[in-house]
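*Asks:* If you scroll down you'll find the structure; I have some questions about it.
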Amino acid sequence: MSTLAAHRELGLTDAEYEGIVDRLGREPNGLELAVFSLMWSEHCAYKHSKKLLRRLPTEGPHVVMGPGENAGAVDVGDGLVAAFKVESHNHPSAVEPFQGAATGVGGILRDVFAIGARPIAILDSLRFGELDSPRSRYLFDWSVQGIGHYGNSIGVATVGGEVAFEPSYEQNCLVNAMCVGLARRDRLIRSAASGPGNPLVLMGARTGRDGIGGASVLASAELGEEDASKRPTVQIGDPFEEKRLLECCLELLDRDSLVALQDLGAAGLSSSASEMASKGEVGLDIDVSTVPLREDDMEPFEIMISESQERMLCVVEPERLQELLEVCERWEVRATQIGEVTDSGRLRILDGDESVGDMPVTALVDDCPLYDLEPEEPAQPIYPDPPVRIAADADAAETLMAVLGAPTVASKRFVFEQYDSMVGSRTVRRPQSADAAVLQLAPDGGHGALAVSIDGNGRRVACDPYTGAVEAVLECALNLACVGAEPLGLTNCLNFGNPEKPHIAWQLTRAVEGLRDACLALGVPVVGGNVSLYNEGGGGPIYPTPIVGMVGRLPDPERVPVSGFTQEGHAIALVGPFAPSLAGSELDKLRGHMSDGLPEVTLERHAEALGALRAAVRTGELVTAHDVSEGGLATALAESCIEGGLGARVDLAPLRETLGHSDRLTALFGEGPGGAVVAGPREVVSALPGAILMGEVGGTSLLIEGDLELEVAALDERFEGAIPAAFA
Amino acid sequence: MRFGVLRFPGSCDEVDALGACRRYADAELIWHGDLDLGGVDAVVVPGGFSYGDYLRAGAIARFSPAMEAVADFAVSGGPVLGICNGFQVLCEAGLLPGALLPNTSLRFVCRQVDVEVVNADTPFTRACTEGQALSIPVKHTTGRYWAPPETLEELEAGGQVILRYAPGQNPNGSVRDIAGVANAQKNVMGLMPHPEHAVDPLTGSADGGTLFASLVAHVDELVATA
């Protein structure tokens, strides 16, 4: 490889190249340039987002590991910690959805067991174009199958998630996967290499040519028309290999055999080795001739940057090496010493006796230039209005049927039935049966349960990046409150367009400010996350899509409400500071309108209301709790009817009176954060602070006084049938 | 009474099966490489994706040393329960008749279903009543039971069809809605639903527990009459 102008082809600017020459004191050779181009890519170095992310609050009483490690971790009591992280695999999934999504799951699982936690749950946040597009159906169908293939085969329950369909994701779909793991606090391990002379061991799959340059080629540039030619840069997943690797690593940690452990992800060995050396402030020597290969004619630089999946790197003391090799053999996991820790502070690459690369670790990891964004609020709306999908004179009943049948709102049974949601015997609430996944801790010797939710609404963030991001945090927290859980920590994945464009920089900046303010108001620390930029393709940038994953804890899983109505005669009420508006709503979208701005949110009121709802749920007397989200209150009521198979009679007049306006459609379909539908015995529901009583459970239809009456069977057919119909 | 639960590379539900067994008796894991079952009274071949199911579901696991021991154990009358991938392994090993084919949907399906007890006079179902509906989840891609017509007639006539999906609830296209079958001696049974995921109302249902309770009663009776 010639280095002359090759740096541009590898995504480095001329100034960045000069910086590399400066730090090496010479021109880099081909291998070194390849390694730098990956380590200094957006994907690895966060060069456009790092400064911004420093604004997020990261400390809290439960935090055990914050940002910077492979995954964040929070204390959940009884000597246990929950480790979790969300990560994107957007561009690989847009190029090859099955393997892209599958390896996205494989990657996030490795992040979690790299710190010593057993993965117990996967959640996914997916975005595609509208389902009437064949490309979107293809990406959606095969991404879901890819997630299922990996998660099901490795035996980790996929317990929740969300899917939305918007035109802006047509070319550039989003596949964000979150993993939650559990570990004994004393078994956590960090990735810092230490102890010069300690062997460096590569475990797992052989190294091949798959995924060469994925981080710089795919993840750090916009998608273009020649994407099919990038298919070889997508990695291939092997969940069986990872299953053995997972069990093997956990056994090694149980035996306390390892000094440090790190997964191989983007940029492969280059990135993992540099990170381990940087964290431990040591050097590493790697002999590429010892790396087990899938193809025997690989160049040293290919070995260093290959993104072959299912590999882990560890440091072990020399006297524990034999034990490590024996455990690996028992699990049929390949393990090879490929180098050792040094005190040189350099990453030295050898090919047998020959030195083929020699770089200062700090230059690779810490010296990538960080860029200030140049945000500028756009003068004109960036996104076109969506197509009109509902008649202007549709009545309330027609509107509800249209909203329930909108794929973003409709049941995701088609998706979640393709995932094993119960392996592990922890799943107390399966998908759609409650607002958050609930995982009991008893099988792991703990008390109570974890609650997990993942949320984001790109269209609302597109309308108003600050408020939309605030709402993502609030919705997650509300989902947790609906099952009685207190949030302990948050992870996020920031999916945005090209940050070098001022209006994207503005979206990103405002969204991070929104996340920060909401986290501060609710007292939830950010313990980790991921940034996916350059999500543009064909028709322009995606909607700015910050995805928030939240983990909470609740004391008694027996008391968790369901989202459906369960008993005739139960009183139904609305709780929370719900102030519906049609701005940014699903109905707004069906009407072909893109709003500019969202109503302001008073965070203190939400924090207070979330605490009140959580306390009410924890008494065990509320039977039903379901948040009001996409599609507004009428949709939430319909969902509770469908889920429970029972009708309801409600009157929204008290709500309209409280709101101080009489617009029926706004009360029915308006959206906004903070509202939850609750049901239970009348004396319980009417005693809730600030509850607006709406009616009671009963009959076979949903009757909203003066607005509509629809049979639950018809609602069910529409809600459950919409996505399967798109594939009929 | 002690259960042994096999663990292959790629098993996923062995720990859940172990936990389910332990609600009713002692239980331990048996490593796939072991030729000795350690004197257990009943064997559970659990669900998952043994060896990745990369060749054909269950096709490789049947050759493991532990499965040789299980075959001997079965021939000598020991009770063996195969769940999902375990059912596939037992069919591949020739310990059960028929085969499991890809679901008609060609997709993985994870769903709570009702199964009806067709024969309550077996070591696996003696705690049930004939016609009883059990709510137990399924989760598989390759769960469509199939056997040639003459074999099906023999199975029906011999009381070897143990469980059937309730009407309208067949999740995979299994012939005659068959969810679980036994060998002629009724000491080896395989089923696609996961009874180990139905032992606690908190996680969905406790109906699957009756299978484990049945096995315990069966073994206890053998011991008492021995």
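Since every read-out is calculated from the coordinates, none of them should be taken as a lab result. These numbers were taken from a predicted model, which means no experiment stands behind them. Every residue, glycine as well, gets a Cβ built from its backbone with ideal geometry; the counts of neighbours run over all protein chains shown.
*Asks:* State, as an integer percentage, the relative contact order of chain A based on alpha-carbon contacts under 8 Å between residues 6 or more apart.
*Replies:* For chain A, the relative contact order is 15 percent.
*Asks:* Between the stretch A:73-110 and the stretch B:71-105, what's the alpha-carbon centroid distance in Å?
*Replies:* So the separation of the two Cα centres works out to 34 Å.
*Asks:* Take each of the peptides B:158-169, A:164-175, average the number of other beta-carbon atoms within 10 Å over its residues, and list them starting from the highest.
*Replies:* A:164-175, B:158-169
*Asks:* Then there's this: Per residue of A:422-434, count partner chain C-beta atoms within 10 Å of its C-beta, then hand back the mean as an integer.
*Replies:* Numbers: counts 12, 11, 7, 13, 3, 4, 4, 3, 6, 1, 0, 1, 0.
Taking the mean over all residues of the peptide, I get 5.
*Asks:* For chain A, take the longest principal axis of its alpha carbons; what is the angle in degrees between that and the long axis of helix A:134-154, to the nearest 10 within 0 to 90?
*Replies:* It works out to around 70 degrees.
*Asks:* Within 12 Å, Cβ to Cβ, of A:Val438, how many net charges do the neighbouring residues add up to if Lys/Arg are +1 and Asp/Glu are -1?
*Replies:* Details: positive: A:Arg426, A:Arg429, A:Arg430, A:Arg553, A:Arg559; negative: A:Asp435, A:Asp556, A:Glu558.
So the surrounding residues net to +2.
*Asks:* Also: Over the stretch A:1-140, what lengths in whole Å, largest first, do the semi-axes of the equivalent ellipsoid take, defined as the square roots of 5 times the eigenvalues of the alpha-carbon gyration tensor?
*Replies:* They are 33, 25, 14 Å, listed from largest to smallest.
*Asks:* For the pair B:Thr129/A:Asp132, report the inter-label distance in nm, with labels modelled 7 Å from Cα in the Cβ direction.
*Replies:* 5.5 nm
*Asks:* Oh, and also: Starting from the Cα of B:Ala166, step 7 Å along the direction of its Cβ; do the same at A:Asp256; then give the gap between the two resulting points in nm.
*Replies:* Spacing of the two 7 Å Cα→Cβ label points: 5.2 nm.
*Asks:* Rounded to the nearest 0.05, what FRET efficiency do B:Arg22 and B:Ala184 have when you use their Cβ-Cβ distance and R0 = 35 Å? Show your work: numbers first, answer last.
*Replies:* Numbers: r = 31 Å, r/R0 = 0.87.
Efficiency at R0 = 35 Å is approximately 0.70.
*Asks:* Right, next: Normalised by the residues of the stretch A:97-180, what does the relative contact order come to in percent, with Cα pairs under 8 Å and at least six apart?
*Replies:* The value is 50 percent.
*Asks:* Also, I was wondering about something else. Counting just the Cα atoms, what span does the stretch A:291-424 cover along each of its three principal axes? Round to the nearest Å and put the largest first.
*Replies:* Here the spans come out as 78, 47, 30 Å, largest first.
*Asks:* Against the longest alpha carbon principal axis of chain A, how many degrees, from 0 to 90 and to the nearest 10, is the axis of helix A:396-405 turned?
*Replies:* Roughly 20 degrees, rounded to the nearest 10.
*Asks:* What is the list of residues in the stretch A:342-384 whose amide nitrogen lies under 19 Å from a point 7 angstrom out from the Cα of A:Asp22, following Cα to Cβ?
*Replies:* A:359-373
*Asks:* Related question: Within 10 Å of each Cβ in B:196-202, how many Cβ atoms from other chains are there, averaged over the peptide?
*Replies:* Mean inter-chain Cβ contacts per residue within 10 Å come to 4.
*Asks:* I've got another one for you. Against the longest alpha carbon principal axis of chain A, how many degrees, from 0 to 90 and to the nearest 10, is the axis of helix A:712-726 turned?
*Replies:* Relative to chain A, helix A:712-726 is tipped by roughly 30 degrees.
*Asks:* With 23 Å as the cut-off, how large is the P(r) tail for the stretch B:76-205, expressed as percent of Cα-Cα pairs?
*Replies:* 23 percent
*Asks:* Turning to a different aspect of this structure: Using helices alone, what [θ] at 222 nm do you get for the protein assembly as shown, with -39,500 (n - 2.57) per DSSP H run of 4 or more residues, divided over all residues and rounded to the nearest 500?
*Replies:* -9500 deg cm²/dmol
*Asks:* Near A:Lys501, which aspartates and glutamates are there with a Cα under 16 Å away, not counting those fewer than 8 places off in the same chain?
*Replies:* Answer for A:Lys501, where 16 Å is the Cα cut-off: A:Glu42, A:Glu222, A:Asp372, A:Glu374, A:Glu376, A:Glu377, A:Glu536, listed by chain and number.
*Asks:* Please work out the Cα center distance from the stretch A:253-302 to the stretch A:459-474, rounded to the nearest Å.
*Replies:* 39 Å
*Asks:* In a shell of Cβ-Cβ distance under 12 Å around A:Ser563, excluding A:Ser563 itself, what net charge do Lys and Arg (+1) and Asp and Glu (-1) give?
*Replies:* -2
*Asks:* Quick check: pseudo-label points 7 Å beyond the Cα along Cα→Cβ at A:Ala713 and A:Asp353, how many nm apart are they?
*Replies:* 8.5 nm
*Asks:* Shifting gears a bit: Working from the alpha-carbon coordinates of the protein assembly as shown, get Rg over Rh, Rh being the Kirkwood radius.
*Replies:* Answer for the protein assembly as shown: 0.97.
*Asks:* Name the chymotrypsin sites (Phe, Trp or Tyr not before Pro) in the stretch A:439-512 that are in a loop by DSSP and that have at most 12 other C-beta atoms within 10 Å, would you?
*Replies:* Taking the stretch A:439-512 and a limit of 12 other Cβ atoms within 10 Å, no loop chymotrypsin sites (Phe, Trp or Tyr not before Pro) are found.
*Asks:* Next question. Compute the relative contact order of the stretch A:269-401 as a whole-number percentage, counting only Cα pairs closer than 8 Å that sit 6 or more residues apart in sequence.
*Replies:* 34 percent
*Asks:* What's the center-to-center distance, using Cα atoms, between the stretch A:683-702 and the stretch A:617-662 in Å?
*Replies:* That distance is 8 Å.
*Asks:* Just subtract the alpha-carbon distance of B:Asp220 and B:Leu101 from 0.36 nm times their residue separation and send over the number in nm, one decimal.
*Replies:* Extra length from B:Asp220 to B:Leu101 when fully extended: 39.3 nm.
*Asks:* Let me ask you something else. Would you work out which of B:Leu211, B:Gly47, B:Pro171 lies farthest towards the positive end of the dipole of chain B, given +1 charges on the beta-carbon of Lys and Arg and -1 on that of Asp and Glu, about the Cα centre?
*Replies:* B:Pro171
*Asks:* Okay, moving on. Express the Stokes-Einstein translational diffusion coefficient of chain B in µm² s⁻¹, to the nearest whole number, given a Kirkwood radius over alpha-carbon pairs, 20 °C and a viscosity of 1.002 mPa s. Display every interim value, and only then the final one.
*Replies:* Working: Rh = 16.9 Å.
Rounded to a whole number, D works out at 127 µm²/s.
*Asks:* OK, next. Within the stretch A:483-508, which residues have the backbone N less than 19 Å from the label spot 7 Å out from A:Asp372 along Cα→beta-carbon, could you tell me?
*Replies:* Hits in the stretch A:483-508 for A:Asp372 at 19 Å: A:499-508.
*Asks:* Under 1.5 on a/c is rounded, so check that first for the stretch A:647-705, then, if it is not, pick prolate when a/b is larger than b/c and oblate when it is not; a ≥ b ≥ c are the square roots of the alpha carbon gyration tensor eigenvalues.
*Replies:* Because a/c hits 1.5 or more and a/b fails to exceed b/c, the stretch A:647-705 counts as oblate.
*Asks:* With a cap of 11 neighbouring Cβ atoms within 10 Å, and only residues DSSP puts in a loop, list the GluC sites (Glu not before Pro) found in the stretch B:79-133.
*Replies:* On the way: sites: B:Glu92, B:Glu116, B:Glu130; in loops: B:Glu130.
Passing both the DSSP loop test and the Cβ count: B:Glu130.
*Asks:* Now, a different point. Order these peptides, A:357-370, B:76-89, by their mean beta-carbon neighbour count within 10 angstrom, highest first.
*Replies:* Output ranking for A:357-370, B:76-89: B:76-89, A:357-370.
*Asks:* As an exercise, use a Förster radius of 25 Å and the Cβ-Cβ distance of B:Trp146 and A:Ala728 to find the FRET efficiency, rounded to the nearest 0.05.
*Replies:* The pair B:Trp146/A:Ala728 has a calculated efficiency of 0.40.
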